[in-house]
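Report on the following structure.
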Amino acid sequence: MAQCSRGILGSLEFLVEKLEAKKFASIPLEDFHELSVSRPMAIIKEGRLVELKFPGNHFYYSKDLCSKDFILFQGVEPHLRWSLFVDLLFDLAEKFDVSQVFTLGGTYDYIPHTYPPMVSALVSHEDLREKVIQAGLGLTEYTGPISIHTFILESARKRGLKAMSLWGHAPQYLQTRNMRVVHSVLKSLLCMTGV
């Protein structure tokens, strides 16, 4: 299962498309988001409302990829009720016997665009830490406010589930979708899942 933040949107979109994953469930926005902050998008043509799109929290599945099934979750970080939101994620994970959880995220960092893209990891169990080191990924060093990713990892640890958060680091002076970073995050995910 993977979840995605704004900084690396292309990763989950790519996986959903490439794996031909099918949407099978959603978490309603209204209970977890301030719509004045995550505003719906409108398509208006010639004075007529054609479509209203709400930011989504959707689950997708892909079966039998290299003898592994995947559940992907693409969503918007909730503004409210983090505990309930994460319980919904893990209740679904438990129902489908998910063995490991990954979150994917991105951050703007003080690194030059001329360096190879950097991916760092945060893990919920010590044996995953060794796997990260063997893969040549950086280990996260951080003190400060957290995102939902860290909250998900802590909840996974409490439930006895192995979880890992992979973060792509993009130059802070190029705040746009960075396909080199997306590629590095996906490559790291595939390495960690053995696909």
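Starting from residues that are assigned to a loop (DSSP other than H, G, I, E, B) and aliphatic (A, V, I, L, M), keep the ones in segment 124-139 and report whichever is nearest to T107 (Cα to Cα).
Across segment 124-139, the extreme among qualifying residues is L137.
Tell me the strands (runs of 3 or more DSSP E) entirely within segment 45-107 that contain at least 2 residues that are within 27 Å of R177 (Cβ to Cβ) and free of Cβ contacts under 8 Å to residues at least 60 places away in the same chain.
48-53, 58-65
Looking at this structure, is S38 out of contact with any helix residue (DSSP H, G or I) (no Cβ under 7 Å at 6 or more places or on another chain), among the hydroxyl-bearing types (S, T, Y), assigned to a strand (DSSP E or B) and in contact (Cβ under 8 Å) with a residue 24 or more places away in the chain? Can you show your working first?
On the way: out of contact with any helix residue (DSSP H, G or I) (no Cβ under 7 Å at 6 or more places or on another chain): yes; among the hydroxyl-bearing types (S, T, Y): yes; assigned to a strand (DSSP E or B): no; in contact (Cβ under 8 Å) with a residue 24 or more places away in the chain: yes.
When the stated conditions are applied, S38 does not pass them.
Inspect segment 140-160 for any residue being in a strand (DSSP E or B) and either buried (at least 20 other Cβ atoms within 10 Å of the Cβ) or among the hydrophobic types (A, V, I, L, M, F, W, C) (or both) and give the result as yes or no.
No, there is no match, as no residue in segment 140-160 is in a strand (DSSP E or B) and either buried (at least 20 other Cβ atoms within 10 Å of the Cβ) or among the hydrophobic types (A, V, I, L, M, F, W, C) (or both).
In segment 31-41, what residues are of a type outside the set (F, W, Y) and either in contact with a His (Cβ under 8 Å, 6 or more places away or on another chain) or closer than 16 Å to W82 by Cβ (or both)?
Passing the criteria: D31, H33, E34, V37, S38.
Please state which of the following conditions E77 fails to meet, knowing it meets all the rest: (1) in contact with a helix residue (DSSP H, G or I) (Cβ under 7 Å, 6 or more places away or on another chain); (2) over 22 Å from M192 (Cα atoms); (3) surrounded by fewer than 17 Cβ atoms within 10 Å (Cβ to Cβ); (4) among the charged types (D, E, K, R).
Here E77 clears every test but (3).
None of the figures in this text is laboratory data; all of them are computed from the coordinates on show. A quick note: this is a predicted structure, and the numbers were derived from the prediction, not measured. Note: ideal-geometry Cβ built from the backbone for every residue, glycine included; neighbour counts use all protein chains shown.
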